[in-house]
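These notes concern the structure reproduced below.
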Amino acid sequence: MLTVAVLISGTGSNLRALLEAASHPDFPARVVVVGADRDAEGLAHAEEFGIPSFTVPWHAHESRDAWGEELGRQIDVWTPDLIVLSGLMRLLPSSLVSRYAPRILNTHPAYLPEFPGAHGVRDALAAGAEQTGASVIVVDDGIDSGPILAQERVPVHADDTEHSLHERIKPVERRLLIDVVRRIATGDLTLTP
Ligand code: GRF
């Protein structure tokens, strides 16, 4: 059974979808812990599913490295096979990335390499794109620049707001993420350094 740690900052709707998938006896992976960089709303999903959680507050640390070191310590307790960044709005320090590489995945609400960064949905709208998408990637030292494991196009509607477009992208992100985790767990997809 593949063990997964999930890191979040927000509402954790993608986390919830993964928790639901992983609660089916046939799913070959389990979420063993959920971590956050703040008092994230999404931690409630972990509680509901009986999954342990921890918070390593970004603002309580004086540098990215100090924060990342504590985050790494908390993750290490659970020795997860995989770390999924599901809406974690912080860059991990490279020491943590290289320690777990290539076993850290990120979901992104755009068709990478288009519109990387924290505002992928807003940037697609601002560019007047007719379509954007969702991607699941391996985290490397750059910003949303790692190898792409899965992605799918999502149309942009003329009356879309950032919210409506993001809400249309998220279900695609969830489906891709769950599928990628399943394929890694079954050996259909191999993560190569
Ligand atoms: C997702 O679109 C993720 O890719 C982005 O933030 C969103 C997280 O949403 N970085 P949620 O917290 O899972 O609801």
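The values are calculated or read from the model by the stated rules, or taken from the named source; none is laboratory data. From a predicted model like this one, the values you see are computed outputs, not experimental measurements. All Cβ positions, glycine included, derive from the backbone under ideal geometry; neighbour counts span all protein chains shown. Accessible surface areas use protein heavy atoms only, side chains included; no ligands, DNA or RNA. Shrake-Rupley method; radii C 1.70, N 1.55, O 1.52, S 1.80 Å.
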- Lone unmet requirement of (1) crowded, with 19+ Cβ neighbours inside 10 Å; (2) away from the ligand (no atom under 13 Å from the Cβ) for Leu165: (2)
- Task: Please go through the range 11-43 and pick out each residue that is open to solvent by 30 Å² or more (accessible area, probe 1.4 Å) and within 15 Å of the ligand (Cβ to nearest atom).
- Result: Thr11, Ser13, Arg16, Glu20, Arg38, Asp39, Glu41
- Residues of the range 35-77 being among the aromatic types (Phe, Trp, Tyr) and within 23 Å of Asp141 (Cα to Cα), which ones? Trp58, Trp67
- Task: Specify which of the listed residues (Glu48, Glu69) is more than 16 Å from the ligand (Cβ to nearest atom) and either without any contact (Cβ under 8 Å) to a residue 40 or more places away in the chain or under 20 Å from Asp144 (Cβ atoms) (or both).
- Result: Glu69
- Flagged in the range 85-131 as without any contact (Cβ under 8 Å) to a residue 12 or more places away in the chain and either in contact with a Lys or Arg (Cβ under 8 Å, 6 or more places away or on another chain) or assigned to a loop (DSSP other than H, G, I, E, B) (or both), in numbering order, are His119, Gly128
- Complete set of residues in the range 59-69 that are open to solvent by 50 Å² or more (accessible area, probe 1.4 Å) and in a helix (DSSP H, G or I): His59, Ala60, Arg64, Asp65, Glu69
- Task: Report, ordered by the first and then the second residue, all pairs with beta carbons closer than 7 Å, sequence separation of six or more or different chains, a first member in the range 148-169 that is farther than 17 Å from Leu112 by Cα, and a second member that is not hydrophobic (A, V, I, L, M, F, W, C).
- Result: Glu162/Arg122
- Could you list, in sequence order, all residues of the range 137-148 that are hydrophobic (A, V, I, L, M, F, W, C) and surrounded by fewer than 23 Cβ atoms within 10 Å (Cβ to Cβ)? Val138, Ile143, Ile148
- Task: Within the range 72-126, track down each residue that is within 11 Å of the ligand (Cβ to nearest atom), crowded, with 22+ Cβ neighbours inside 10 Å and over 15 Å from Leu7 (Cβ atoms).
- Result: Pro109, Ala110, Gly120, Val121
